[in-house]
Amino acid sequence: MAHFAGQPMGAPLGAQLLGEILIADEGLSPQHLAHALTKQADEGGLIGRILVGMQAINDLQLTRALSQQYDEEFVEELPPVDDVPEELIANIPIGFARNHNIIPYAIDEDDRVLVAMSDPLALDVLDDVGVMVDAPVEVVMAPPKAIVDLINKAYGRLRQGADLNKEEDDDDEFGASEETLDILDVTDEAPIIRWVNSLLFQAVKVGASDIHIEPGEKEVKVRYRVDGALRESKSAPKQFLSSILARVKIMSGLNIAEKRLPQDGRIRRRIAGKDIDMRVATVPTAAGERVTIRLLDRSSVLLGLADIGMTQETLATIRDIIKRPHGIMLVTGPTGSGKTTTLYACLSEINSPELNILTVEDPVEYQLEGISQTQVQSKIDLTFANGLRSFLRHDPDVIMVGEIRDVETAEIAITASLTGHFVLSTIHTNDSAGAITRLVDMGIEPFLVASSMVGLMAQRLVRRPCYDCAEPAVPSAEMLQKLGLDVERFHAGGYEVPDLPNIKKIPPTGTFLAARGCPMCSGVGYKGRTGIYEMLVVDDPLRQLTLEKADAGTIRASAVERGMKTLRMDGALKALAGLTTPEAVLLATAESE
């Protein structure tokens, strides 16, 4: 149906509810819808966006269902950028198109402008587009990712064809700084600037967590870490290394003349409509300086406890622990295992005006509303220990310490917990039981550890299969044995699939999903990650073992006897639910089993 400026648009009378459409046509389970409705009642928001946030559906499924509900045309793919008339977007600012996820892309035989959008209720935005193109417009629903890709390509082509002698960008009229401008809006034609901006944009596009710029003998190579695995991306001749390094150092506020010592900096930029915070580290090597950039996407870190992949049993346990008035809870795991995400989720869960919450972190990755956060500054002796010691004079209820690295920090944290404060922190051990013995080995008295510790959680991130190409496969008896599953019980369907809100494709009984590889996952077979968890509640038997200075193996065995699920068992159950693969679980838990 054609739409003109001012013409109302809405769901037809008697239209199905969105949840009904998703269950009937998109494979949404009633349990997931019930979870989402409960969350909507508690927190508000649109049910479709809540389901996407829970990973119960994806943006493609949501848009397809909305198009059905509102009786609009739907296309899964938009035309190539070369087919988009430049005059359609010439009068529409890129910021407007990106903010509203909308782009006019074609003119039909009735001289109507086809407008791709993902929100059928954005009536005022549609009216504005009609005025800008000075023509009747026809809505076409398309997935948000397809629209964003076309916006970036279309405006990139438009920018390349613009007058190169133009002295200033339109955004400069409003005093926009380089930090607040989206890098896709930057019109600087300097090759090095374009190359670095392209590097950052591609990293965000593929969902990379780190960028490695590595000098070689003849060229500079770039590798992205995506879902925990490195993959090669682009390269440049070695002669451009110094220019690339200078550009990155300028962006991150580093000394461009210092090439002999390591440096650390930070970059804040808008990239493809997202606010991205980047930590930059340089180090000299034999072939020249190399740079590692860690990308911190706020949307991927600030998740709720219910959204990070915990089973209902683990979720209930951790919620009970973090609401206690005093004690210590430790999250353990290697670097990059999602510990910070878990700690932020815990703080978000308990954050309220009635609680005074203080954190000391290295660095402060994201600012949390209503929480006072302090960053470690080693140059001025603001360490974890000194920050924590100072916090005790500020009447805190909850304290979060980024990491327990030494005996001094551990002692102050334990003292805080014993004097009526709840302390959250992390420690580097392979499993939950190892955290107890690690503290004792540091020199903390066993009776202090036993009396202060209330819970320990080990975690890992495991890769999720790409659901566009994953296929069921029967595992070998050896693999089942490694996972700790009984062969007969597995093939008989004797293991219960855990109740999780983000299950998408449960494999048939007696099978797991196997990664294959397709264009959607760049041939890797995996797309995204989820967490596996080992929750150890410190009870009286464990306190007694701690007092006896028992080793980690004994503590672990005692906890398993009383029902603790190990990392590998939690991973095996999530593989049963199709959230990961056995190979990913075995790889992530090799050190702890």
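The values are calculated or read from the model by the stated rules, or taken from the named source; none is laboratory data. Predicted model only: the values in this text are computed from it and were never measured. For neighbour counting, all protein chains shown are included, and Cβ atoms are generated from backbone atoms with ideal geometry for every residue, glycine included. With ligands, DNA and RNA removed, areas are computed over all heavy atoms of the protein, side chains included. Shrake-Rupley method; radii C 1.70, N 1.55, O 1.52, S 1.80 Å.
Quick notes
- Across the chain, the mean sequence separation of Cα contacts (distance under 8 Å, 6 or more residues apart), normalised by length, yields a relative contact order of 10 percent.
- Residue-level accessible surface for MET54, protein heavy atoms, 1.4 Å, Å²: 10
- Ordering ILE92, LEU66, LEU78 by Cα displacement along the dipole of segment 65-112 toward the positive end leaves ILE92 in first place; charges were set at the Cβ atoms of Lys, Arg (+1) and Asp, Glu (-1).
- Relative packing of 399-406, 314-321, which averages over residues the other C-beta atoms within 10 Å, highest first: 399-406, 314-321
- Net charge of neighbours whose Cβ lies under 9 Å from the Cβ of LEU66, counting Lys and Arg as +1 and Asp and Glu as -1: -1
- Bins of 10 Å, starting at 0 and running to the largest distance - Cα pair percent for segment 400-529: 10, 28, 20, 20, 19, 3
- Span-like helix check, the chain: no full DSSP H segment qualifies, none having both a Cα axial length of 18 Å or more and a mean Kyte-Doolittle of 1.6 or more.
- Potential lengthening between VAL131 and TRP195 on full extension [0.36 nm per residue; Cα-Cα distance subtracted]: 19.4 nm
- Reachable aspartates and glutamates from LYS549, criterion Cα separation under 16 angstrom, eight or more residues apart if same chain: ASP441, GLU445, ASP539, ASP540
- Placing a pseudo-label 7 Å from each Cα along the Cα-to-Cβ vector at THR335 and LEU46 gives an inter-label distance of 4.0 nm.
- A cut-off under 11 angstrom between Cβ atoms defines the neighbours of GLY528, and their net charge, with Lys, Arg +1 and Asp, Glu -1, is +4.
- Listed peptides 209-216, 362-369 by packing density, highest first (mean Cβ within 10 Å): 209-216, 362-369
- Relative contact order, whole percent, for segment 536-589 stands at 25, derived from Cα pairs under 8 Å and 6 or more residues apart.
- Ranking by accessible area, most exposed first, for ILE271, ILE250 with a 1.4 Å probe: ILE250, ILE271
- Cα→Cβ-extended label distance, 7 Å offset, between GLU217 and ASN351, nm: 5.2
- Contact order relative to length of segment 276-399, as percent, for alpha carbon pairs under 8 angstrom and 6 or more apart: 18
- Anchor LYS249: aspartates and glutamates whose Cα lies under 17 Å away (excluding residues fewer than 8 positions away in-chain): GLU178, GLU179, ASP210, GLU214, GLU258, ASP264, ASP277, GLU289
- Fully extending the segment from ALA90 to GLN312, taken as 0.36 nm per residue of separation minus the present Cα-Cα distance, adds 74.8 nm.
- Averaging the Cα positions of each part gives two centres, and for segment 407-470 and segment 225-266 these lie 34 Å apart.
- Using the Karplus relation 6.51 cos²θ - 1.76 cosθ + 1.60 with θ = phi - 60°, the per-residue 3J(HN,Hα) values for segment 208-219 come to 6, 9, 9, 10, 10, 9, 10, x, x, 6, 10, 8 Hz, with x marking Gly and Pro.
- Projected area averaged over orientations for segment 95-144, convex hull of C-alpha atoms, nm²: 3.2
- Stretching the chain fully between ALA24 and ASN255 yields a gain of 77.3 nm (0.36 nm per residue, less the alpha carbon separation).
- Accessible carbon and sulfur surface of segment 393-472 relative to its total accessible area, %, 1.4 Å: 45
- Ignoring aspartates and glutamates fewer than eight residues from LYS527 along the same chain, the ones with Cα atoms less than 13 angstrom from its Cα are ASP227, ASP468.
- Cα lying deepest toward the dipole's positive end in the chain, options PRO284, ILE436, CYS521, charges on Cβ: ILE436
- What the Cβ-Cβ distance of ALA246 and ALA286 gives, at R0 = 25 Å and to the nearest 0.05, is a FRET efficiency of 0.80.
- Taking Lys and Arg as +1 and Asp and Glu as -1, the other residues whose beta-carbon sits under 10 Å from that of GLU258 total +2.
- Taking 4.7 Å between beta carbons as the limit, the unpaired Cys residues of the chain are CYS346.
- Projected label points at HIS394 and LEU121, each 7 Å from Cα along the beta carbon direction, are separated by 3.9 nanometres.
- Kirkwood Rh in Å, taken over all unlike Cα pairs in the chain: 26.8
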